[in-house]
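A.B. asks: Structure provided below as structure tokens; questions to follow.
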Amino acid sequence: MSETLPIVYLARHGETSWSLTGQHTGLTDLPLTARGERNARSLGERLSGLKFIKVFTSPLQRAARTCDLAGFGAVAEVDRDLVEWDYGQYEGLRAAEILADRPDWELFRDGCPGGESPEQVAVRADRMIERIRGIAGDILLFSSGHFIRVIAARWLALGPGSAGRYFLLSTASLSALSYEHSFAHPVIRLWNDDHHVAE
């Protein structure tokens with residue numbers, strides 16, 4: 001646990017076949033690739049020595065398996081609020097395919113037809129933030145890229161569309177949210193650290 005203000009560590013799941021090809025992977029429950037599993041273990045090494053009061057994971061296997069391979073499966077609590085953005089009709093599509101049909105589309109502004117709007121994802125993020133802010137001590141979350149980006153935006157009290165799109169994340173990366181000086185000043189402490197990830 002940190003000596004002063006708590007830190008919320010955000011771990012993105014390891015590589016899947018769709019993250020490798022750039023396909024939108026919302027609720028499709030894909031496994032990690034072999035490299036994704038190796039990188040999840042490397043993420044565990046990156047986290048070694050850190051102590052967490054609570055660990056939470058998305059129920060989707062890519063996040064839960066990353067959590068397990070990183071060494072936290074036995075202590076993690078599953079939280080459905082941590083699932084990835086529901087992409088609805090855009091599930092499995094690459095951005096180029098969506099933009100060919102809808103050139104002005106922007107996920108963090110428009111959401112997905114048949115899936116979630118940015119506001120709906122922000123409600124889940126806000127619920128998760130309220131839960132973790134009620135816990136004294138450092139916390140570790142395992143989730144997916146777009147949802148983690150919305151958590152970061154909402155942590156800073158920014159709209160999901162105004163900020164989430166700027167927070168790029170690599171697979172098996174580690175980020176951290178905390179505070180500067182007091183709980184009234186939320187900050188990003190670390191973002192998209194993937195130095196532990198094999199090329």
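A.B. asks: Six or more apart or on different chains, Cβ under 8 Å: which pairs go from a residue in segment 102-128 that's exposed (fewer than 15 other Cβ atoms within 10 Å of the Cβ) to one that's of a type in the set (D, E, K, R) and assigned to a helix (DSSP H, G or I)? Could you list them?
C.D. replies: E106/R165; R127/D81
A.B. asks: Further, regarding this structure: Can you pull out the residues in segment 179-197 that are under 18 Å from A11 (Cα atoms) and surrounded by 10 or more Cβ atoms within 10 Å (Cβ to Cβ)?
C.D. replies: Residues satisfying the conditions are V187, I188, R189, L190, W191, N192, D193, D194, H196, V197.
A.B. asks: Just checking: which of the helices (runs of 4 or more DSSP H) contained wholly in segment 11-76 hold 2 or more residues that are open to solvent by 70 Å² or more (accessible area, probe 1.4 Å)? Break it down stepwise before answering.
C.D. replies: Working: elements: 17-21, 34-47, 61-69.
In segment 11-76, 34-47, 61-69 are the helices (runs of 4 or more DSSP H) which contain 2 or more residues that are open to solvent by 70 Å² or more (accessible area, probe 1.4 Å).
A.B. asks: Looking for whichever is within 18 Å of E116 (Cα to Cα) and either open to solvent by 20 Å² or more (accessible area, probe 1.4 Å) or out of contact with any Leu (no Cβ under 9 Å at 6 or more places or on another chain) (or both) here; the options are S162, S170. Which one fits?
C.D. replies: Just a single option satisfies the conditions, and that option is S162.
A.B. asks: Next up: From D81, D86, which residue is closer than 12 Å to S144 by Cα and in a loop (DSSP other than H, G, I, E, B)?
C.D. replies: Exactly one of D81, D86 is closer than 12 Å to S144 by Cα and in a loop (DSSP other than H, G, I, E, B), namely D86.
A.B. asks: Of the conditions (1) in contact with a Gly (Cβ under 6 Å, 6 or more places away or on another chain); (2) open to solvent by 30 Å² or more (accessible area, probe 1.4 Å), G88 clears all except one; give me its number.
C.D. replies: Failing condition for G88: (2).
The values are calculated or read from the model by the stated rules, or taken from the named source; none is laboratory data. Remember, it's a predicted structure, so these values are computed and weren't measured experimentally. Ideal geometry is used to build each Cβ from the backbone, glycine not excepted, and the neighbour counts take in all protein chains shown. These accessible areas exclude ligands, DNA and RNA; they are computed on the full protein's heavy atoms, side chains included. Shrake-Rupley method; radii C 1.70, N 1.55, O 1.52, S 1.80 Å.
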